Amino acid sequence: MEQSIYKRVVLKISGEAMAGNVGYGIDPLTVDAIAREVKKSRETGVQIAMVVGGGNIWRGLAGSAKGMDRATADYMGMLATIMNSLALQDALEQYDVDTRVQTAIEMRQIAEPYIRRRAIRHLEKGRVVIFAAGTGNPYFSTDTTAALRAAEIEADVILMAKKNADGVYDCDPRNNPNAKKFKELDYIEVLQRGLAVMDSTATSLCMDNKIPMIVFSIDEPGNILKAVLGKDIGTIVGGNKN
Ligand code: UDP
């Protein structure tokens, strides 16, 4: 088996990706396919921590746009990520991948609380750790969660698996046929150009802590494994650490 070029990664799966082509909620077949890829990726020797979004179920901003209290709507979004995390854990364990869910909002009956040292210990033992409930704070995103946890556990890279996007473009390729895909980018360019890679809080955190990120499509089977092996896919952001 080819070995990963990384020691430890954070794999961020967007909530949308959990819905597959159904478009909403959790599609078990899609989650099963993700789990199979994570298992294969794990076999390359890399330690894998995961963060999953919640947009397939609920987004705080959408709720607040319709008049809900923003913080309440965000807490609902964080709860959505817990459902996604449990679905992922279930799928991974069906393939005998030891998995722990750690949640930033305490929920002792169903998951461990987030404890950094314990998460690292799990990773060292070869377990996949899924960080649920985002950062535990409203007004943040799961992209920021991925950046924060990557810094905390000293991950080498964030692998950002997206649905309906295969990298970072200079403008939206869905509206502009001439949109150009970047192979490499610096975080400062992402901020200056206002590129829709992730929110600015997450971008700044990655930039300040020099955490590179690879943005790639999850729609193409095999891409998670390719990313772990360091194959040339998608867009590398902040790859130049100087
Ligand atoms: N969320 C939050 N704090 C966090 C992480 C997430 O409040 O630290 C909420 C927020 O409402 C967000 C929702 O959870 O809209 C789902 O997360 P996100 O939108 O990042 O998921 P994705 O876009 O990856 O599906």
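Each reported figure results from applying straightforward, stated rules to the coordinates on display, with no laboratory input. Because the structure is a prediction, the values reported are computed rather than measured. Every residue, glycine as well, gets a Cβ built from its backbone with ideal geometry; the counts of neighbours run over all protein chains shown.
Computed FRET efficiency, Cβ-Cβ of D219 and E184, R0 22 Å: what is it to the nearest 0.05?
For R0 = 22 Å, the calculated efficiency reads 0.50.
Evaluate the distance, in nm, between pseudo-label points positioned 7 Å from the Cα of I115 and of Q94 along their respective Cα→Cβ axes.
Computed distance between label sites I115 and Q94 equals 3.1 nm.
Two-decimal Rg/Rh of the chain from alpha-carbon positions, Kirkwood Rh?
0.94
Modelled label-to-label distance, V22 and A65, 7 Å Cα→beta-carbon offset: nm?
So the two model labels end up 2.4 nm from each other.
Within the stretch 70-90, name every residue whose backbone N is under 20 Å away from a label modeled 7 Å from Cα of E106 along the Cβ vector.
So the set is 75-76, 78-80, 82-83.
Using a 10 angstrom Cβ neighbour count of at most 16 plus a DSSP loop assignment to flag exposed trypsin sites (Lys or Arg not before Pro), which longest range of the chain is free of such sites?
Value returned for the longest uninterrupted segment is 8-65.
List the chymotrypsin sites (Phe, Trp or Tyr not before Pro) in the stretch 1-63 that DSSP assigns to loop (not H, G, I, E or B) and whose Cβ has at most 14 other Cβ atoms within 10 Å. Which are they?
In loop regions of the stretch 1-63 (DSSP not H, G, I, E or B), the sparsely surrounded chymotrypsin sites (Phe, Trp or Tyr not before Pro) are Y24.
Report the one residue of L148, T135, A165 whose Cα lies farthest in the direction of the positive end of the charge dipole of the stretch 135-178 (charges on C-beta: Lys and Arg +1, Asp and Glu -1; origin at the Cα centre).
Highest projection toward the positive end goes to A165.
When only C-alpha pairs under 8 Å and at least 6 residues apart count, what is the relative contact order of the chain, in percent?
Normalised by residue count, the contact order of the chain is 22 percent.
From the square roots a ≥ b ≥ c of the eigenvalues of the alpha-carbon gyration tensor of the stretch 1-145, which class results: rounded (a/c under 1.5), prolate (a/b over b/c), or oblate?
prolate
Going through the cross-link list K12/K183; K39/K181; K183/K210, which pairs have a Cα-Cα distance over 27 Å in this structure?
Check vs 27 Å cut-off fails for K39/K181.
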